[in-house]
Every structure is written in C-alpha cells, then in structure tokens.
Amino acid sequence: MSDIEGFEALLDKGQDNALLRYTLGALHLQKGAPQLALPHLRAALDHDPDYSAAWRALGKALTETGEIQEAINAYSRGIEVAEARGDKQAAKEMRVFLKRLHKS
C-alpha cells in the first residue's frame with residue numbers, strides 16, 4: 001500500500017481534517033499530479049482557512065495546472081494568512097512565487 005493509499009483509507013474511514021487533506025495534496029504534488037492535489041488542498045483550507053502551508057501548496061498546484069490567476073489569488077491570500085500568524089518563512093516563500101508569476 002502506498003502512502004497515498006494509506007491516507008485515502010483513513011479518509012474513507014471518516015477521518016477528515018486539515019492535516020490529512022494537506023498531506024494527501026502534498027503527496028500528489030510530489031508524485032507530479034497537481035490536478036489530484038487540488039481537491040485535497042481546497043478541502044484542507046475548508047477545514048482551516050488559516051493553514052499557510054496549504055495555501056502555499058495550493059498556489060503551487062494551481063501554477064502547475066496552468067491556473068495562473070487562481071495561483072496568484074492563492075499566494076496572495078496565503079501571504080495574508082502567514083503574516084497574520086507570524087509565519088514569516090511561509091510568507092517570504094509565497095512572495096517569491098508570486099513575484100515569479102507576475103513576471104511570467
């Protein structure tokens with residue numbers, strides 16, 4: 001059983017929370033399947049809209065699927081969330097990604 005299958009089994013058993021959804025989204029991104037990551041990352045943010053790592057991963061997935069304006073929106077929101085939470089490193093990373101999107 002792969003990591004993804006194991007986490008999806010937890011989801012199938014009714015365990016649904018921000019960390020589980022973020023993890024599934026991140027694993028799909030690592031496997032090169034951003035389109036499969038998107039619903040999990042959006043669900044993670046439904047559970048916890050202040051999850052800055054999920055905003056960063058959502059921005060990446062949207063960039064990789066060519067949804068550039070949505071990626072810009074995700075990174076912008078993620079920067080707001082990260083700054084409000086004092087997560088300076090996440091905000092800094094998302095600013096870099098956002099700047100790259102604006103240049104392209």
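The values are calculated or read from the model by the stated rules, or taken from the named source; none is laboratory data. These numbers were taken from a predicted model, which means no experiment stands behind them. FYI the Cβ positions are ideal-geometry reconstructions off the backbone, even for glycines, and counts take in every protein chain you see.
Numerical summary
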{"item": "Qualifying residue in segment 2-9 (condition: of a type in the set (Ser, Thr, Tyr), without any contact (Cβ under 8 Å) to a residue 12 or more places away in the chain and in contact with a helix residue (DSSP H, G or I) (Cβ under 9 Å, 6 or more places away or on another chain))", "result": "yes"}
{"item": "Top-ranked residue in segment 63-85 [being more than 19 Å from residue 19 (Cα to Cα), surrounded by fewer than 17 Cβ atoms within 10 Å (Cβ to Cβ) and in contact (Cβ under 8 Å) with a residue 12 or more places away in the chain; ranked as farthest from the chain's Cα centre (by Cα)]", "result": "84"}
{"item": "Set 92, 60: member being at pLDDT 95 or above, part of a helix (DSSP H, G or I) and either under 21 Å from residue 23 (Cβ atoms) or aromatic (Phe, Trp, Tyr) (or both)", "result": "60"}
{"item": "Tally of residues being in a helix (DSSP H, G or I), more than 11 Å from the chain's Cα centre (by Cα) and either modelled with pLDDT under 95 or of a type in the set (A, V, I, L, M) (or both) across segment 20-42", "result": "2"}
